[in-house]
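The structure appears below as structure tokens.
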Amino acid sequence: MSCCASQEGTKLAPGANVNVCPILALNPGSTSLRFLVSDGDGRDVLRGTIASIGSTPLLRWRHTSASDGSTPVRAANHEEATQLVLDLTTDMPEAPRAAGVRFVHGGDDFAGPVRVDGSVLAKLSSLERLAPLHNRPGIATLRALESRFGTHCPRVAVFDTAFHASMPSTARAVGIPLELAQKHGIRRYGFHGLALESVIDRFREGIGARLNRHRMILLHLGGGCSATAALDERSVDTSMGFSPLEGLLMSTRSGDLDPAAVAWLAHAEGWTADQVVDTLNHRSGLLGISGRSGDYREVERLAAEGAPRARAALDLFTYRVRKQIGAMAAVLGGIDQILFSGGIGEHSATARASICHGLEWAGIALDPRRNELAVEGEATISSERSRVGVHVIAADEERLIALRTVEVLAKETL
């Protein structure tokens, strides 16, 4: 049976959750596609990633009824990668009945997950320029689903920006003429919402069950990086803004930059504005400063070997995060917990130590041994004398995509 091969008789009861029926969650990144199939009891059936799409694609998977593994594949783009994932589901006893797809940017049109139809797809296409690294792959993923199943397979778009809809108007506003801002939908949206929601959920249910969660700073550090202030688990400010380019230094993104530099570079290099923004998105950040790589692990290795540009990249990266902690602490009026997530946040003990170094004034103190040992799963890395709890929590965007997908379909039955 293939995905969505049989829709007859599949009804979702009001209040249904992810356990109702198998759901396929698709999480397209700029050069990757993560996926999850959750069974009728809410357990993982199949989970994996296709990495390095368009260059040297590698499929990694973990199946509950078989061994995990990896193999090189052919995937020139996200449509082909999605087809490969769908092929993996064809031999399942009960295949997924619907698919949820993550989108980074929902603009002003989408404040929550939505069932995809022609008009929704057109609006999503119009938002591609705001998040070119991620929204375009999301469109390709939706088109691959439609190509395979037509409109018979329910597709749901789930948005990173939705989590930040709770930000107050002052945090959303930008300092340009109000008429221009309203005419063109220019405001601060915020991103990484699915990752942040999943981190908060996992923290609440695990380590943080009995801890004060009133004022939390969420540091999602990976290829893209953001710092978010959460008050009572709701976003009140975040470092990313109109697009995912604002804020912290990232793998290939510049983060904060004086807007006048865009015009300056355009004039000096003879570039268009789009060419400047492309450089800021794809050839800046850790890659641009180190001159060698945007992979934090590789930059760490180069710095350890004495490469001065790599050291400068790491120093600027951790400085920017530390600076944002101070800003978010001011927004919250103090800090109760700091949560690290993302590839860097979860796996680099040296990054976490460098970021927290010098923040003793804020009541932050790491336990060096706890920090070094925190490389997998959930862990508290603050010392006993720290007034602020510091924790490492793995994000699980795919499970939240599946949950939101079922919630949307369940509402249709009311």
Search result, residues across the range 264-279 that are out of contact with any Leu (no Cβ under 6 Å at 6 or more places or on another chain) and modelled with pLDDT of 95 or more: W264, L265, A266, H267, A268, E269, G270, W271, T272, Q275, T279
I338 being of a type in the set (V, I, T) and in contact with a His (Cβ under 8 Å, 6 or more places away or on another chain): yes
Residue among A227, A266, A195, A261 that is among the small types (G, A, S), outside the structural domain of I338 (by TED's automatic domain parsing) and not in a loop (DSSP other than H, G, I, E, B): A195
Residue in the range 290-314 that is surrounded by the fewest Cβ atoms within 10 Å (Cβ to Cβ), counting only those that are of a type in the set (D, E, K, R), farther than 15 Å from A351 by Cβ and in contact with a helix residue (DSSP H, G or I) (Cβ under 8 Å, 6 or more places away or on another chain): R309
Spans of helices (runs of 4 or more DSSP H) in the range 113-191 with at least 3 residues in contact with a helix residue (DSSP H, G or I) (Cβ under 7 Å, 6 or more places away or on another chain), touching a residue at least 12 places away in the same chain (Cβ under 8 Å) and not assigned by TED's automatic domain parsing to the domain that holds D278: 118-126, 135-149
Which numbered condition V375 fails, given (1) of a type in the set (V, I, T); (2) closer than 30 Å to V156 by Cα; (3) surrounded by fewer than 16 Cβ atoms within 10 Å (Cβ to Cβ): (2)
Qualifying residue in the range 287-298 (condition: assigned by TED's automatic domain parsing to the domain that holds E372 and in contact with a Phe, Trp or Tyr (Cβ under 7 Å, 6 or more places away or on another chain)): no
Residue ID - surrounded by the most Cβ atoms within 10 Å (Cβ to Cβ), chosen from residues in the range 230-258 that are in a loop (DSSP other than H, G, I, E, B) and of a type in the set (S, T, N, Q): S239
Qualifying residue in the range 218-238 (condition: without any contact (Cβ under 8 Å) to a residue 40 or more places away in the chain and acidic (D, E)): yes
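I need the helices (runs of 4 or more DSSP H) fully contained in the range 324-414, keeping only those with at least 3 residues that are under 18 Å from L194 (Cα atoms).
Here the list reads 342-347, 397-411.
The values are calculated or read from the model by the stated rules, or taken from the named source; none is laboratory data. A quick note: this is a predicted structure, and the numbers were derived from the prediction, not measured. Because the Cβ atoms are built from the backbone with ideal geometry, glycine has one as well, and the counts that use them run over all protein chains shown.
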